[in-house]
Amino acid sequence: MFENHTINFDILKERAFNLRWATVPEGVIPLTAADPDFPSAPEIAEAMIRFTKDRYLSYGPAAGLASFKESVARFFQEKRQIPASPDLLFPVDSAAFGIYVICKAFLKAGDEAIIFDPVDFLFRYSTEAVAAVAVPFAIPPTDMPVDFERLEQLISNKTKMICLCNPLNPTGKVFTREELTRIGALAVKHNLIILSDEIWSDIIFKPHVFTSMASINEEIRSQTVTVTGYSKSYGLAGLRIGTVLASNAAHYERLFEASLHSSTIHGANVLSQVAVVAALDECGYWLDGFVSHLQQMRDLITTGLNSIEGFHCKAPEGCYVAFADIRGTGKSSAEIAELLFNEAKVSVVPGAKQWFGQGAEGYIRLSFATSEAVISEALSRIKQTF
Ligand SMILES: Cc1ncc(COP(=O)(O)O)c(C=O)c1O
């Protein structure tokens, strides 16, 4: 399922946007946006075809199709040990929108939210979109322990939220139960909402294990809002679909109101919900195969990058991105990304503030959700350039 011949590069060049195949000049390999090169599982397309064949594409329920809510609740109960109820979750038109909805529901102008540094730009973006202030908390991609004292020092009387990204894009860190318990205890102590973004939670490399913040204990769960999506695990980014899960009815009401779903100004596409039901109910085998392929690709790309002078790459514990330290080259992230684009014909994401925050300078991010052949070719071009 995950060999080079299963990838249709002609279709990717027409359809894969967001810095990927459809946006780069011919001959350039885009290891940019984290979106798989492989076609999605066949059961997903079959379910969408069955649904469309009836030719009724009417309004769905504002809070989501019953089948979606049940399937996602079952996922959270069985795979994440969260006692989730279908009544406390609703679909959103992407995890990105889910993050924004949570910020809109729980932050007002001038409030502060702690975000990790480095981390995906969406947290800063959503915090600032509601006129709140993002306060960065450094978790560098090293073996240094998380500095919980520093985290508590960052909490002021304006702090209302901690944005947890677990696993952490771009460093690939998977938080341990102990670390989550300490973050959760701080949130309980200071009455902060925990936004727990778990979109990467299926992409975990052995021997690491994923723990959901809301599964730890009742006290921590009552502070937590979980957001997830299906772009990373099942390659459904273009369907723009995710889930927001509250821990109680009061939070749910607040979130649902912020989503504008009941007005129909926003809402999740029914076809995308049908796709998620098929993915969760029928495509576990596909996901298992994908993760075991990714584990091999992770080893290939980290070994390859570490063999280049000036590069150092810690193997990610989760996420299909390698976050390579390029400070040994004496060049900046932007310079390396430009050099790789122009000379190696490999496109990567520079560790720029715009993408991942201040703490990303000196790093580049490479997605490895592709075939062994594509990664080997990219590595050989990068090696040649250096
Ligand atoms: C941590 C994190 N959250 C959310 C998203 C957005 O996912 P979606 O495609 O569902 O908007 C991404 C995408 O890269 C991500 O890395």
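The values are calculated or read from the model by the stated rules, or taken from the named source; none is laboratory data. Only a predicted model underlies this, so the values are computations on that prediction, with no experimental measurement involved. Reconstructed Cβ throughout: ideal geometry from the backbone, glycine too, with neighbour counts over all protein chains shown.
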Select from segment 84-99 the residues that are touching a residue at least 60 places away in the same chain (Cβ under 8 Å) and not in a helix (DSSP H, G or I) and write down the one among them that is farthest from Phe51 (Cα to Cα). Ala84
Is it the case that segment 321-328 has a residue that's assigned to a loop (DSSP other than H, G, I, E, B) and under 24 Å from Asp143 (Cα atoms)? yes
Take Ala138 and tell me if it is touching an Asp or Glu at 6+ places or on another chain (Cβ under 9 Å) and surrounded by fewer than 18 Cβ atoms within 10 Å (Cβ to Cβ). yes
Do you know which residues across segment 10-43 are of a type in the set (Val, Ile, Thr) and surrounded by 15 or more Cβ atoms within 10 Å (Cβ to Cβ)? Thr23, Val24, Val28, Ile29, Thr32
Test Ile336 against the stated conditions and say whether it is within 12 Å of Ile375 (Cβ to Cβ), away from the ligand (no atom under 16 Å from the Cβ) and surrounded by 18 or more Cβ atoms within 10 Å (Cβ to Cβ). no
Output the residue which, of all residues in segment 187-221 that are among the small types (Gly, Ala, Ser) and assigned to a helix (DSSP H, G or I), is nearest to the ligand (Cβ to nearest atom). Ala214
Those residues that are at positive phi and within 9 Å of the ligand (Cβ to nearest atom), I need them from segment 229-264; list them, please. Arg240
With the requirement that a residue be within 30 Å of Tyr252 (Cα to Cα), free of Cβ contacts under 8 Å to residues at least 24 places away in the same chain and in contact with a Leu (Cβ under 8 Å, 6 or more places away or on another chain), what does segment 18-69 give you? Lys69
Would you please name the residue that is farthest from the ligand (Cβ to nearest atom), looking only at residues in segment 1-44 that are under 27 Å from Thr171 (Cα atoms) and among the acidic types (Asp, Glu)? Glu3
Suppose we filter Gly310, Gly289, Gly359 for residues that are farther than 30 Å from Ser71 by Cβ, assigned to a helix (DSSP H, G or I) and not assigned by TED's automatic domain parsing to the domain that holds Val174; which single one remains? Gly359
Check on Asp120, among the charged types (D, E, K, R), crowded, with 22+ Cβ neighbours inside 10 Å and within 11 Å of the ligand (Cβ to nearest atom): yes
Please tell me if Val72 is closer than 22 Å to Trp200 by Cα, in contact with a Gly (Cβ under 7 Å, 6 or more places away or on another chain), within 15 Å of the ligand (Cβ to nearest atom) and modelled with pLDDT of 95 or more. no
Considering Ala109, Ala129, Ala138, which residue is hydrophobic (A, V, I, L, M, F, W, C) and closer than 22 Å to Ala250 by Cα? Ala109
When you look at Leu154, is it within 11 Å of the ligand (Cβ to nearest atom), aliphatic (A, V, I, L, M) and at pLDDT 95 or above, yes or no? no
